[in-house]
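The values are calculated or read from the model by the stated rules, or taken from the named source; none is laboratory data. Treat the numbers as computed from the prediction; the structure is a model and nothing was measured. Here the Cβ is made from the backbone with ideal geometry for all residues, glycine too, and neighbour counts use every protein chain on show.
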């Protein structure tokens with residue numbers, strides 16, 4: 001039986017205040033990130049509308065706002081719908097993109113309710129509600145077979161829309177999608193990547209990074225130990241949400257984005273997709289792009305070297321090349337398959353070394369006291385990680401077999417591990433014995449138990465699928481656990497859908513306790 005260890009309810013208030021502060025940081029970072037490399041970028045906020053473009057205002061029923069919509073290009077051409085992110089530029093974030101597409105496509109760009117030239121939005125500005133808005137607009141304009149392009153928060157909205165209304169969409173382009181990672185994973189990644197913007201010497205950058213990580217660690221501990229989920233309480237009352245956030249649309253939308261679980265959406269997503277990312281994005285970490293590349297059924301990933309969060313402004317030429325290619329030739333055939341080779345694999349052992357990068361095919365990989373180790377594009381039979389902080393895995397497959405006589409595919413002891421696009425098969429697939437493990441886009445398979453925890457550990461899961469004798473489905477959330485099987489922990493399972501509003505999976509500390517109900 002899983003029992004909860006709960007702290008005082010007032011911690012929830014502190015936690016949500018810190019979460020709001022973090023969301024404000026994310027929103028502000030995006031609004032000021034026209035070029036993360038520091039070059040001057042012409043503001044687009046006050047450009048006059050060209051005569052050849054058509055603008056109109058529409059009263060919409062989802063947020064009860066008056067929405068500003070711009071159209072360009074032939075009315076009978078293939079429609080391309082552009083969805084912007086946070087900030088107050090709105091559709092003008094797409095200015096150069098509209099100019100590049102208008103000769104071949106019917107381009108529709110809007111200012112989302114609450115932003116730029118649209119009037120204020122009522123209630124929670126969540127991806128689910130914005131998806132309803134897009135569907136209303138698509139039907140209002142009688143658009144068929146749309147090509148959907150979203151940036152940052154707009155990419156998250158586009159993902160939600162295409163997964164909820166797949167028949168409306170032919171093709172999706174996701175540009176530097178914000179959120180999507182579980183909120184703890186996202187905030188830690190943003191905190192770490194923001195350090196690069198300071199241009200500090202390495203020894204100072206390490207200290208600043210440590211300070212960021214300490215702050216997000218405080219948020220994590222409070223949110224994991226809170227008895228009351230204040231965001232959920234706010235969601236139950238639009239009037240309460242409006243009273244606190246109606247005059248702060250960026251923070252309203254950022255909090256709603258951070259609290260959205262996309263696992264149900266991705267479970268039914270079946271459209272071709274192109275994922276475009278700036279290599280040095282400090283607002284929407286590229287880890288999200290790698291996760292999406294591993295999760296989406298039919299996609300390609302394009303990383304723009306040296307670019308930040310706004311590649312359509314700072315690297316317009318290469319961005320438009322990728323976009324034209326994505327619209328004209330959507331991907332087919334899925335992502336590259338993992339290697340099936342199983343002969344002649346060597347072992348690899350690291351003890352007391354720092355900062356190596358490992359790729360290739362192996363039998364048993366052992367990392368012991370090897371901080372900063374990176375495993376990228378790795379296939380192995382077993383992976384053992386002991387006393388190793390800041391271990392990163394990307395596109396890693398560890399296959400011990402689903403019935404491997406009690407031997408874990410991945411065994412983690414007293415370590416800090418961040419894994420993206422991870423596939424593990426074993427008995428269990430992953431065993432954690434102390435430390436912190438953060439898995440995004442995981443696929444964990446076992447005949448019996450897929451994810452087991454011994455000594456108390458923090459486990460963060462972003463849209464990770466489990467197939468085991470205990471549970472089959474997605475897990476998304478964060479828990480503190482000890483002596484526990486996490487395959488079917490309620491706090492990690494997607495909450496039942498309530499219309500198009502996604503409930504928040506609350507992170508709590510859990511412990512498996514012996515007793516008559518065990």
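Computed values, structure above
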| quantity | calculated |
| --- | --- |
| Scope the range 414-434; condition without any contact (Cβ under 8 Å) to a residue 24 or more places away in the chain and at positive phi; matching residues | 434 |
| All helices (runs of 4 or more DSSP H) inside the range 254-329 with 1 or more residues being farther than 29 Å from residue 124 by Cβ and not assigned by TED's automatic domain parsing to the domain that holds residue 475 | 286-295, 311-314, 316-328 |
| Test: residue in the range 20-40 that is more than 26 Å from residue 311 (Cα to Cα), modelled with pLDDT under 55 and surrounded by 15 or more Cβ atoms within 10 Å (Cβ to Cβ) | yes |
| Some residue of the range 350-357 being surrounded by 18 or more Cβ atoms within 10 Å (Cβ to Cβ), out of contact with any helix residue (DSSP H, G or I) (no Cβ under 6 Å at 6 or more places or on another chain) and either touching a residue at least 12 places away in the same chain (Cβ under 8 Å) or closer than 19 Å to residue 287 by Cβ (or both) | no |
| Meets criteria (in a helix (DSSP H, G or I), under 13 Å from residue 254 (Cα atoms) and in contact (Cβ under 8 Å) with a residue 24 or more places away in the chain) for residue 154 | yes |
| Candidates 515, 469 - the one that is at pLDDT 75 or above, farther than 25 Å from residue 257 by Cα, out of contact with any strand residue (DSSP E or B) (no Cβ under 6 Å at 6 or more places or on another chain) and in a loop (DSSP other than H, G, I, E, B) | 469 |
| Residue count for the range 83-119, restricted to those that are more than 19 Å from residue 129 (Cα to Cα) and in a helix (DSSP H, G or I) | 10 |
| So residue 372, is it farther than 20 Å from residue 345 by Cβ and either at pLDDT below 95 or assigned to a strand (DSSP E or B) (or both) | yes |
| Any hit, the range 318-338, residues being in contact with a helix residue (DSSP H, G or I) (Cβ under 6 Å, 6 or more places away or on another chain), over 30 Å from residue 384 (Cα atoms), surrounded by 13 or more Cβ atoms within 10 Å (Cβ to Cβ) and modelled with pLDDT of 90 or more | yes |
| Any hit, the range 42-50, residues being surrounded by 15 or more Cβ atoms within 10 Å (Cβ to Cβ) and modelled with pLDDT of 50 or more | no |
| Lone qualifier among 411, 390, 377 - being without any contact (Cβ under 8 Å) to a residue 60 or more places away in the chain and over 22 Å from residue 454 (Cβ atoms) | 377 |
